[in-house]
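> Take this structure first; my questions come after.
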Amino acid sequence: MSVRIIGCGNIDRGDDGAGLLVARRLRELGTGTQEQSGEALSLIESWAGAETVIVVDAVVSGKAPGEITVWDARAHRVSSGFWPGSTHHFGLAEAVELARVLDRLPPRLWIYGIEGRRFEQGSCPSPEVMRAIGEVAERIRRSVHIRELSFPEHRAR
């Protein structure tokens, strides 16, 4: 089974680096990952050919900092409203929806969103996001290594 894990973000903007930090933690644990800034066309190219794709990024949805949300992006549209602070005009949400129109979505596409609160240039990730980074990395590692990629403990949002 072809699995691709992609961490998105900007490490120099506090909580925005959450996806990248999850990817780095997974690599430390022996799980292969990619890092992306979150630009739409690069994301579409990076998941080409994979059967299952897991993308991790920081989100802003109004929930408590560090809260984790998981989307089944094949089953549900992804709102760009969760990435209002993105430095890209075409980011993760747009990548998913463009890939949907172009029939370039992978067979399974899961998005882990970690609720952020601190996005200033030069800031460090908040403590709540740091805790969530460890939790998300462990969830993904367990799921990938036991081949239960349907993520039954999560409900699509």
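Just so you know, all these numbers are worked out from the coordinates, no wet-lab data involved. Bear in mind the structure is a predicted one, so any value in this text is a computation, not a measurement. Using ideal geometry, Cβ is built from the backbone for each residue, glycine included, and neighbour counts are taken over all protein chains shown.
> Could you please let me know if ALA64 is in a loop (DSSP other than H, G, I, E, B) and among the aliphatic types (A, V, I, L, M)? Full working, then the answer.
Values: in a loop (DSSP other than H, G, I, E, B): yes; among the aliphatic types (A, V, I, L, M): yes.
Spelling it out, ALA64 is indeed in a loop (DSSP other than H, G, I, E, B) and among the aliphatic types (A, V, I, L, M).
> Output the number of residues of the stretch 5-53 satisfying the condition of being charged (D, E, K, R), surrounded by fewer than 24 Cβ atoms within 10 Å (Cβ to Cβ) and under 14 Å from LEU92 (Cα atoms).
So in the stretch 5-53, the residues charged (D, E, K, R) come out as 12-13, 15-16, 24-25, 27-28, 35, 39, 45, 51.
Subsequent filtering for residues that are surrounded by fewer than 24 Cβ atoms within 10 Å (Cβ to Cβ) retains 12-13, 24-25, 27-28, 35, 39, 45, 51.
From the residues that got through so far, the ones that are under 14 Å from LEU92 (Cα atoms) too are 35, 39, 45.
Matching residues across the stretch 5-53 total 3.
This table checks each residue for (1) aliphatic (A, V, I, L, M); (2) in a loop (DSSP other than H, G, I, E, B); (3) at negative phi.
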site: GLY19; (1), (2), (3): no, no, yes
site: VAL22; (1), (2), (3): yes, no, yes
site: ARG27; (1), (2), (3): no, no, yes
site: LEU41; (1), (2), (3): yes, no, yes
site: ALA48; (1), (2), (3): yes, yes, yes
site: VAL53; (1), (2), (3): yes, no, yes
site: VAL70; (1), (2), (3): yes, no, yes
site: ARG77; (1), (2), (3): no, yes, yes
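> Another question about this same structure. Note down all Cβ pairs under 8 Å where the first residue falls in the stretch 92-108 and is surrounded by 18 or more Cβ atoms within 10 Å (Cβ to Cβ), the second is assigned to a helix (DSSP H, G or I) and among the polar types (S, T, N, Q), and they're at least six residues apart or on different chains.
ALA93/SER80; GLU94/SER80
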